[in-house]
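Values quoted throughout were computed directly from the atomic coordinates according to the rules given, and no laboratory measurement underlies them. Here the structure is a predicted model, which means the values were calculated and not measured. Using ideal geometry, Cβ is built from the backbone for each residue, glycine included, and neighbour counts are taken over all protein chains shown.
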Amino acid sequence: MKGSPVRVRWPDGLPELRLAAAARTFRSLAAQLAASGRPLNTRCGQRGICAGCTVKLVAGAFRHENGDVIAAPADVKACQGQALAGSGTVVEVPARSVVVHQPQVATTFKVNVASAQDPIVRYSAGACSHGLAIDVGTTTVVVALVDLASGEIVGEASGFNRQIEMGEDVITRIQLAGSPGQLQSLHRAIVESTLMPLVHDVCRDNGVAPGRLGCATVAGNTTMLHLLTRTDPTPMGFSPFRAPFLGHRALRAADLGLGVVPPAMPVHLLPGFSAYVGADLVAGSLCTGLMDEPGPSLLVDIGTNGEILLRRGENLYATATAAGPAFEGGRLECGTRAVAGAVEHVTLPGGVFPAVVDVVPGKPQAAGLCGSAYVDFLAEARRCGLIGAQGRLEPTAWAGVPQAHRHEVGANRGIRLRPGDPTTVVTEADIAHLLQAKAAIAAGIQMLLRRARCEPGAVRKLYLAGGFGLHLNVSNAIACGLLPGFSPKQVDVVGNTSLGGAWLALVDSTVLPEMSQASTRAEVVELNLEPGFEEAFIDQLSLP
Amino acid sequence: MTTLEQLSEAVGIGKAKDAKVLTQRALDEGIRPGDIVERALVPAMADVGERFKRNDIFVPEMLIAARAMKEAMGILEPHLVAAGITPKYTAVIGTAQGDLHDIGKNLVAIMWRGANFRVVDLGTNVTPAAFVAAIEEHKPHLVGLSALLTTTMPAVADTVRAIRASGCPPVKVMVGGAPITQQFASEIGADGYAPDAGSAVDKARALVGAA
């Protein structure tokens, strides 16, 4: 036995690896394996925070870096110690501990962590070849079709949540659900009128028979998950905003009335933090890597409700802030979602008209301006002196605006970005809505930082997620005061991390248990009860 | 411009720091605190309300102006109390049970102060019983009740019912908040409704007979 190497058994028919005794300097088993070209799923950067590199100690012994010697059989984190050579040590690496997916940029989101290719259902070529990662938003629903053999996203379909026709925001829908028969109608709207057509389309467009779907993971805000499962959300409608359920739920398609797919197909609802900080944010916390780093880090997810999560050391703080639909184009003169044909970027070079605009590429589906264009406009117009700190068109600048760029309806004035084009108008009333939306988010960030006794400058990373997608101009977001006190190098634009987290939970079976653990850890802050929130909100109503 | 004119202007455009300094200067100049309220703050807030109703200013500007008004009142209040000056009318205000959103309610409270009401603010998530108790204690002319969430509208109705059934001194009840409508106000037996903080002042004055 003396000097015998450590034998490491590998999944998927890869040959066994033999590791000689480790050098005198301490090097973890995970580091040794990585050096041998067999990296483990160390998404937390080998800090022992996640369970991604857990391996089975089948025989022999493992010495933890704290000096403890662990005898077989045991599960050990490979980043936390060395397998002892010379003791007949055998280590078995399960599929879930092998890194296959590197951090990547997908269609509408970024995944900042590595992951294993070990889906939560067993792959089978005929009956269980694909899965679905689903994000149920208040406004938009996205279904991603995932090849379970490779983990690749082979296609995506998205559309409006058809519940919109019954109520624009979550509160309206919660109230409606309390009326006789309406919970059923809301449930039908999301399942039959929204999800089933999207699942049907994404399967058809990618040549996958729906009978081959093996599993689905679903992220979304807490209200949406309640309506999806026909659970009465009434207690979430008033203080103390209790959610009937928050934990991970494993259901079958038939339980949801979800047709098109096999009735017995497992559907996993991701866990949420609270009634207003939902599974969408838990998903984002894993997808961005926030849960696997000491921070301080922030995740700011901008939707109709802005959701904010702050990590500082072992502490997590979460809050929701009523931003309203302005950054998704809602209630604005020419606002629209970020669909093909919509203006997504605006520059006013030196304040000279016409403005330079970029539209979302593709076959035009809509005319108008999407959230990122409004962010650009606020920043650019303020920079060149077209608008003042309160968002008003400055009299001298207005006098110089060419007639074809002026928009005047009664007392409501605005700017036509393209000469004579009524679909590219930004009015003073629009700006007032945007200022309230950005102030709600900015003040929410400030309150969480204050709670954690943390300064913006000390934040290592701010992950900016949401419907803006991946194309938001960070400098402009900062210039318009959305992220007070931050600098562009701190900000990582990550897109729809709710969908990203759903994908991660689908392809890597270690992720969902970690989400469950994370979801119980956050201290939820109710902004309306925070002293100083109103003060901060009013401060943030001005443009920097 | 006189100090009072400057103060009025600073409040109107929401310069909170200037409003504080100018209020102090007015006191230092020997102007009576009651006159500072009557001749600078009341007209400033009346003008803010008017401009808001005309769509000349929007919610952000109104909130910023209201904060300047609050700063000025913060300096004046001890002087007003010392001088034994109490406004003619008293109002009690709060958000409905279950509702924690108070930025709109706070705005109305400041606008009412600006219209020279004494305002007793009960805060947020106020039970019907707490409203009734406050009415008995303060004997107000007016009660203001708000809800931002559609889901807390039933609590508004419950509160109005509780006030009517309580046998406490007669009082006018006014309701408001984003989901509230005149129709809802009439249905639940409220005396008045205002769609925004600007018109809430006119309505309040009309209800107490001060208009």
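Applying the Kirkwood pairwise sum to the alpha-carbon positions of segment A:239-294 produces a hydrodynamic radius of 13.0 angstrom.
Sorting the Cα pairs of segment B:117-199 by distance into bins of 5 Å, from 0 upward, gives 3, 15, 29, 28, 19, 7, 0 percent per bin.
Order these by the 10 Å Cβ neighbour count, fewest first: B:Asp99, A:Asp539.
Placing the least packed residue first, the sequence is A:Asp539, B:Asp99.
As a ratio to 2.2 N^0.38 Å, the alpha-carbon radius of gyration for segment A:366-513 is 1.26.
In units of the compact-protein estimate 2.2 N^0.38 Å, segment A:165-228 shows a Cα radius of gyration of 1.31. Principal axis extents of the C-alpha atoms in segment A:470-511 (largest first, rounded to whole Å): 40, 17, 14.
The percentage of C-alpha pairs in segment B:1-113 whose separation is greater than 17 Å is 54%. Loop-located chymotrypsin sites (Phe, Trp or Tyr not before Pro) in segment B:125-211 (DSSP state other than H, G, I, E, B) with a sparse environment of at most 11 neighbouring Cβ atoms within 10 Å are absent.
Give me the dipole magnitude in Debye, nearest 20, for segment A:395-480 about the Cα centre, with unit charges on the beta carbon: positive for Lys and Arg, negative for Asp and Glu.
Numbers: 10 positive and 5 negative charges, 89 e Å.
The calculation lands at about 420 debye.
Centre-to-centre separation between the Cα atoms of segment A:442-501 and those of segment A:69-129: 31 Å.
When the charge dipole of chain A is built from unit charges on Cβ atoms (+1 for Lys and Arg, -1 for Asp and Glu) and taken about the Cα centre, the candidate among A:Tyr463, A:Val141, A:His345 whose Cα reaches farthest toward its positive end is A:Tyr463. Both numbers refer to the Cα atoms of segment B:72-125; Rg and Dmax are 12.3, 39 Å.
Cysteines in the protein assembly as shown lacking any other cysteine Cβ under 4.7 Å from their own Cβ: A:Cys53, A:Cys79, A:Cys128, A:Cys203, A:Cys215, A:Cys287, A:Cys334, A:Cys370, A:Cys384, A:Cys454, A:Cys480, B:Cys168.
Summarising the overall dimensions of segment B:20-85 from its C-alpha atoms, the Rg and Dmax are 13.0, 39 angstrom. Only helices enter this figure: runs of n ≥ 4 DSSP H residues, each worth -39500 (n - 2.57), summed and divided by the residues of chain B, yield -17000 deg cm²/dmol at 222 nm to the nearest 500. Using just the C-alpha positions of segment A:323-388 as equal point scatterers, what log10 of I(q)/I(0) does the Debye formula give at each q in 0.24 1/Å? For the requested q values the scattering log ratios are -0.98. Per residue of peptide A:233-242, the mean number of Cβ atoms on other chains within 10 Å of the residue Cβ is 4. Applying 1/(1 + (r/R0)^6) with R0 = 51 Å to the Cβ-Cβ distance of A:Glu394 and A:Lys363 gives a FRET efficiency near 0.85. Take the Cα radius of gyration of segment A:266-340 and divide it by 2.2 N^0.38 Å, N being the number of residues; the result is 1.27. Projected onto their three principal axes, the Cα atoms of segment A:356-407 cover extents of 40, 23, 15 Å, largest first.
Kindly give Rg over Rh for segment A:504-544, based on alpha-carbon atoms, with the Kirkwood expression for the hydrodynamic radius. In segment A:504-544, Rg relative to Rh is 1.32. The simple Förster model, with R0 at 45 Å and r as the Cβ-Cβ distance, assigns B:Glu50 and B:Phe184 a FRET efficiency of 0.95. By the gyration tensor of its Cα atoms, with a ≥ b ≥ c the square roots of the eigenvalues, what is the shape of segment A:183-310: rounded for a/c under 1.5, prolate for a/b over b/c, or oblate? Judged from the Cα gyration tensor, segment A:183-310 comes out oblate (a/c at least 1.5, b/c at or above a/b). For segment B:73-169, the calculated P(r), taken from all Cα-Cα distances in 10 Å bins from zero up to the bin holding the longest distance, is 16, 45, 30, 8, 0 percent.
Toward the positive end of the charge dipole of chain A, with +1 on the Cβ of Lys and Arg and -1 on the Cβ of Asp and Glu, the farthest Cα among A:Gln117, A:Val6, A:Pro235 is that of A:Val6. Amide H contacts of A:Val100 (H built 1.01 Å from N, in plane; Pro and chain starts excluded): A:Ser115, A:Ala116, A:Gln117 sit under 5 Å, all sequence-distant by 5 or more or on other chains. Computed from the alpha carbon positions, the gyration tensor of segment B:1-45 leads to an equivalent ellipsoid with semi-axes of 15, 12, 8 Å, biggest first. If only the Cβ of Lys and Arg carry +1 and only the Cβ of Asp and Glu carry -1, the dipole of the protein assembly as shown around its Cα centre is close to 1460 debye. If R0 is taken as 35 Å, the Cβ-Cβ distance between A:Arg122 and A:Asp68 corresponds to a FRET efficiency of 0.50. Two numbers describe the Cα atoms of segment A:59-177: Rg and Dmax, which are 22.1, 69 Å. By the beta-carbon count within 10 Å of each Cβ, the least crowded to most crowded order of B:Trp112, A:Trp10, A:Trp398, A:Trp503, fewest first, is A:Trp398, A:Trp10, B:Trp112, A:Trp503.
Neighbour counts of other C-beta atoms within 10 Å: give me A:Ser239, A:Ser498 arranged from fewest to most.
So the residues, fewest neighbours to most, are A:Ser239, A:Ser498.
Where the centre of each part is set by its Cα atoms, how far does segment A:251-277 sit from segment B:1-77, in angstrom? Centre-to-centre distance over Cα atoms comes out at 56 Å. In terms of its C-alpha gyration tensor, segment A:466-544 has an oblate overall shape, because the principal axis ratio a/c (a ≥ b ≥ c, square roots of the eigenvalues) is not below 1.5 and a/b does not outweigh b/c. Peptides A:319-328, B:6-15, A:347-356 ordered by packing proxy, namely the average of other Cβ atoms within 10 Å per residue, highest first: A:319-328, B:6-15, A:347-356.
Placing unit charges on each Cβ (+1 for Lys and Arg, -1 for Asp and Glu) gives segment A:437-536 a dipole about its Cα centre, and among A:Ala442, A:Thr497, A:Gly481 the Cα reaching farthest toward its positive end belongs to A:Gly481. When +1 charges are put on Lys and Arg Cβ atoms and -1 charges on Asp and Glu Cβ atoms, the dipole computed for segment A:342-439 relative to its Cα centre reaches about 60 debye.
Partner shielding of B:143-152 amounts to 4, given as the average count of beta-carbon atoms from other chains within 10 Å of each residue beta-carbon. Under the rule a/c < 1.5 gives rounded, and otherwise a/b versus b/c splits prolate from oblate, where does segment A:12-82 land using the Cα gyration tensor? Note, shape of segment A:12-82 comes out rounded. Ranked from largest, the principal axis spans of the Cα set of the protein assembly as shown equal 98, 61, 57 Å. Each label point was placed 7 Å from the Cα along the Cα-to-Cβ direction; for A:His200 and A:Phe160 their separation is 1.9 nm.
Considering only the Cα atoms of chain B, their convex hull presents on average a projected area of 11.1 nm².
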